[in-house]
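**Student:** One structure, as structure tokens, below. Some questions next.
The values are calculated or read from the model by the stated rules, or taken from the named source; none is laboratory data. Keep in mind it's a predicted model, so treat the numbers as computed, not measured. All Cβ positions, glycine included, derive from the backbone under ideal geometry; neighbour counts span all protein chains shown.
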Ligand code: SF4
């Protein structure tokens, strides 16, 4: 029998000063935008309305999204379109690799929509993309932000086998809120993904949690303990922002001081690196996580 979770109350919390976002601009920003457009690539920076787009694109980095821009899932915090995705494009790995080379990146973050419609969950394109980047842009390090492959471990194994430098899988929220926030995902399955990554020999594993969805401090610490139990090395904590009125409402804005406190506790619990702040997103300062 499924557990009944009371809906998160919809209330409007005024946005604090520290969350004001600068508008995108600058030469590097324009170059990255042009490159992405010319190579028909998608970025989570745009689809996810990331508040750090100016900083990251201005520094010549971007988080590329593979396997299309339509997701088979409907997470209640995410602005990526849900629906029936297009057919897999087998030229995508090469286009991504050429783009990484052209942008002159040292470190690249790759993510994808979830492809529950595919038997392999997109694992073959994932592995081909990582191999193509190694071939066309040697020396570039990679972080791959992957989904849970619906618990089909043989598909997850295909990513493990090509050994990206960092592999992330986001918990996104605490255990109690997972069914509401990540409708088709399961908390324990995500922990299992992270455990299998570490057991499979991935040197640096990473996960992220959004704060402001109604979680308590005890629930945050429980999630930290579960992540450490799965051997996770790097943790990101950031403020949840409601992308549209159709998405979950913000329950609270966490102050920068409180984020600093969570960082301290995370480090005490044994994470090698904790990125914690109102504007932190999964890929923020990703190059620093090659510790
Ligand atoms: S699986 Fe990822 S891309 Fe798809 S809706 Fe959820 S967060 Fe968004």
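**Student:** Find all pairs meeting these conditions: Cβ atoms under 6 angstrom apart; at least six residues apart or on different chains; first residue within segment 213-233 and at positive phi; second residue part of a loop (DSSP other than H, G, I, E, B) and at pLDDT below 95.
**Tutor:** 214/8
**Student:** Going by the structure shown, is residue 260 on the phi < 0 side of the Ramachandran plot and assigned to a helix (DSSP H, G or I)?
**Tutor:** Details: on the phi < 0 side of the Ramachandran plot: yes; assigned to a helix (DSSP H, G or I): yes.
For residue 260, the condition - on the phi < 0 side of the Ramachandran plot and assigned to a helix (DSSP H, G or I) - is met.
**Student:** Just checking, does segment 126-145 include any residue being in a helix (DSSP H, G or I), under 19 Å from the mean Cα position of the chain (by Cα) and touching a residue at least 40 places away in the same chain (Cβ under 8 Å)? It would help to see each step written out before you state the result.
**Tutor:** The initial filter retains those residues of segment 126-145 that are in a helix (DSSP H, G or I), namely 126-136.
Those left that are additionally under 19 Å from the mean Cα position of the chain (by Cα): 126-127, 129-130.
Going one step further and asking which of them are touching a residue at least 40 places away in the same chain (Cβ under 8 Å), we end up with 126, 129.
Yes, because at least one residue in segment 126-145 is in a helix (DSSP H, G or I), under 19 Å from the mean Cα position of the chain (by Cα) and touching a residue at least 40 places away in the same chain (Cβ under 8 Å).
**Student:** Residue 113 is checked against (1) over 21 Å from residue 86 (Cα atoms); (2) within 15 Å of the ligand (Cβ to nearest atom) and fails just one. What number does that condition carry?
**Tutor:** The failed condition is (1).
**Student:** Shifting gears a bit: If you go through segment 19-50, how many residues are over 19 Å from residue 91 (Cβ atoms), at pLDDT 70 or above and more than 16 Å from the ligand (Cβ to nearest atom)?
**Tutor:** Total meeting the criteria: 6.
**Student:** May I pose another question? In segment 141-151, is there at least one residue being surrounded by fewer than 22 Cβ atoms within 10 Å (Cβ to Cβ), closer than 23 Å to residue 208 by Cα and within 16 Å of the ligand (Cβ to nearest atom)? Please lay out each step first, then the result.
**Tutor:** The initial filter retains those residues of segment 141-151 that are surrounded by fewer than 22 Cβ atoms within 10 Å (Cβ to Cβ), namely 141, 150-151.
The next check asks that each one be closer than 23 Å to residue 208 by Cα; those that pass are 141, 150-151.
Those left that are additionally within 16 Å of the ligand (Cβ to nearest atom): 150-151.
Yes, some residue in segment 141-151 is surrounded by fewer than 22 Cβ atoms within 10 Å (Cβ to Cβ), closer than 23 Å to residue 208 by Cα and within 16 Å of the ligand (Cβ to nearest atom).
**Student:** Of the residues in segment 110-125, how many are within 21 Å of the chain's Cα centre (by Cα) and farther than 14 Å from residue 159 by Cα?
**Tutor:** Going residue by residue through segment 110-125, those that are within 21 Å of the chain's Cα centre (by Cα) are 110-118, 120-125.
Filter once more, keeping what is farther than 14 Å from residue 159 by Cα: 113-118.
Number of matching residues: 6.
**Student:** Among the residues of segment 174-189 satisfying the criterion of being touching a strand residue (DSSP E or B) at 6+ places or on another chain (Cβ under 9 Å) and within 11 Å of the ligand (Cβ to nearest atom), which is nearest to residue 82 (Cα to Cα)?
**Tutor:** First, the residues of segment 174-189 that are touching a strand residue (DSSP E or B) at 6+ places or on another chain (Cβ under 9 Å): 174, 178, 181-182, 185.
Next, from what is left, pick out any that are within 11 Å of the ligand (Cβ to nearest atom): 181-182, 185.
On the way: 181: 15, 182: 13, 185: 15 Å.
Across segment 174-189, the extreme among qualifying residues is 182.
**Student:** Something else about it: Which residues, counting only those in segment 200-210, are more than 16 Å from the ligand (Cβ to nearest atom) and in contact with a helix residue (DSSP H, G or I) (Cβ under 9 Å, 6 or more places away or on another chain)? Reasoning before the result, please.
**Tutor:** Let us first name the residues in segment 200-210 that are more than 16 Å from the ligand (Cβ to nearest atom), namely 200-205.
Listed by number, the residues that qualify are 200, 201, 202, 204, 205.
**Student:** Answer yes or no as to whether residue 171 is modelled with pLDDT of 95 or more, crowded, with 23+ Cβ neighbours inside 10 Å and more than 13 Å from the ligand (Cβ to nearest atom). First the steps, then the outcome.
**Tutor:** Details: modelled with pLDDT of 95 or more: yes; crowded, with 23+ Cβ neighbours inside 10 Å: yes; more than 13 Å from the ligand (Cβ to nearest atom): no.
Against the criterion (modelled with pLDDT of 95 or more, crowded, with 23+ Cβ neighbours inside 10 Å and more than 13 Å from the ligand (Cβ to nearest atom)), residue 171 does not qualify.
**Student:** Would you mention how many residues in segment 199-220 are part of a helix (DSSP H, G or I) and crowded, with 17+ Cβ neighbours inside 10 Å? Write out each step before concluding.
**Tutor:** Step one: filter segment 199-220 for residues part of a helix (DSSP H, G or I), giving 199, 217-220.
From what is left, the residues that are crowded, with 17+ Cβ neighbours inside 10 Å are 220.
So the count comes out to 1.
**Student:** Turning to a different aspect of this structure: Of everything in segment 146-169, what is closer than 17 Å to residue 109 by Cβ and outside any helix (DSSP H, G or I)? Give them in sequence order. Step through it out loud before you land on a result.
**Tutor:** Going residue by residue through segment 146-169, those that are closer than 17 Å to residue 109 by Cβ are 146-147, 159, 162-169.
Result: 146, 147, 162, 163, 164, 165, 166, 167, 168, 169.
**Student:** So which residues in segment 73-97 are free of Cβ contacts under 8 Å to residues at least 60 places away in the same chain and either in a loop (DSSP other than H, G, I, E, B) or near the ligand (Cβ under 9 Å from one of its atoms) (or both)? Steps first, please.
**Tutor:** Within segment 73-97, the subset free of Cβ contacts under 8 Å to residues at least 60 places away in the same chain is 80-97.
Those that are free of Cβ contacts under 8 Å to residues at least 60 places away in the same chain and either in a loop (DSSP other than H, G, I, E, B) or near the ligand (Cβ under 9 Å from one of its atoms) (or both): 80, 81, 82, 83, 84, 85, 86, 87, 88, 89, 90, 91.
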